[in-house]
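Step one of this worksheet: look at the structure below.
The values are calculated or read from the model by the stated rules, or taken from the named source; none is laboratory data. This one's a predicted model, so the numbers in the text were calculated from it and none came from an experiment. Every residue, glycine among them, receives a Cβ derived from its backbone with ideal geometry; neighbour counts consider all protein chains shown. These accessible areas exclude ligands, DNA and RNA; they are computed on the full protein's heavy atoms, side chains included. Shrake-Rupley method; radii C 1.70, N 1.55, O 1.52, S 1.80 Å.
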Amino acid sequence: MTERRAILSGSTFEEQIGYARAVVDGDWVHVSGTTGFDYTTMTISDDVVEQAEQCLRNIEAALAEAGCGFADVVRVRYLLPERADFEPCWPVLRRCFGEVRPAATMLVCGLADVRMKIEIEVYARRATA
């Protein structure tokens, strides 16, 4: 039987909306769209690059709890309300994904809260022993 378990970050959004930060399904790890909120304080920076850095810290924590890391990411989606905000984030994104080279997509769209300037979603595949 395939393992399936939810990983929670403590974000109030998870409780209010009814979702998990990530779901482990066998070797696959599906990380929900993750924003730049610091989930311990539920605060968010006004700066898109700082938000991207916090997104990646939040994602890294979920991946670690799932037993993997950025090296296991095979797919990433970047969601931003403002196209011009994407390029300033590239150095931050490259630090995590530059060696990994996952398949990637960037979409311009509205996000759930006007304070959110970037949301990142990843899929990872855990190495099998």
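Of all residues in region 67-90, those that are within 25 Å of ASP113 (Cβ to Cβ) and in a helix (DSSP H, G or I) total 8. When only residues in region 7-32 that are among the small types (Gly, Ala, Ser) and touching a helix residue (DSSP H, G or I) at 6+ places or on another chain (Cβ under 9 Å) count, which is modelled with the lowest pLDDT? Checking each candidate, the answer is SER11. Does ARG101 satisfy being more than 23 Å from THR43 (Cβ to Cβ), part of a loop (DSSP other than H, G, I, E, B) and either under 15 Å from the mean Cα position of the chain (by Cα) or of a type in the set (D, E, K, R) (or both)? Here the answer is yes, as ARG101 does meet what is asked.
Considering only residues that are among the β-branched types (Val, Ile, Thr), open to solvent by less than 40 Å² (accessible area, probe 1.4 Å) and within 9 Å of ALA124 (Cβ to Cβ), which ones fall in region 68-86?
Let us first name the residues in region 68-86 that are among the β-branched types (Val, Ile, Thr), namely 73-74, 76.
Cutting the leftovers down to open to solvent by less than 40 Å² (accessible area, probe 1.4 Å) gives us 73, 76.
Once the filter is applied, which keeps residues that are among the β-branched types (Val, Ile, Thr), open to solvent by less than 40 Å² (accessible area, probe 1.4 Å) and within 9 Å of ALA124 (Cβ to Cβ), region 68-86 yields only VAL73.
Of the residues in region 55-66, not one is under 24 Å from CYS109 (Cβ atoms) and in a strand (DSSP E or B). Every condition in (1) buried (at least 17 other Cβ atoms within 10 Å of the Cβ); (2) closer than 23 Å to ARG101 by Cα; (3) of a type in the set (A, V, I, L, M) is met by ALA64 except one, and the failing one is (1).
Checking the structure you have, find out if any residue of region 41-50 is assigned to a strand (DSSP E or B), in contact (Cβ under 8 Å) with a residue 12 or more places away in the chain and either surrounded by 14 or more Cβ atoms within 10 Å (Cβ to Cβ) or of a type outside the set (Asp, Glu) (or both).
yes
Of all residues in region 65-90, those satisfying the criterion of being of a type in the set (Phe, Trp, Tyr) and either out of contact with any Ser or Thr (no Cβ under 9 Å at 6 or more places or on another chain) or modelled with pLDDT under 95 (or both) are PHE70, PHE86, TRP90.
Which residue out of ARG77, ARG94 is basic (Lys, Arg) and touching a residue at least 40 places away in the same chain (Cβ under 8 Å)?
Details: ARG94 fails: touching a residue at least 40 places away in the same chain (Cβ under 8 Å).
That would be ARG77, the only listed residue that is basic (Lys, Arg) and touching a residue at least 40 places away in the same chain (Cβ under 8 Å).
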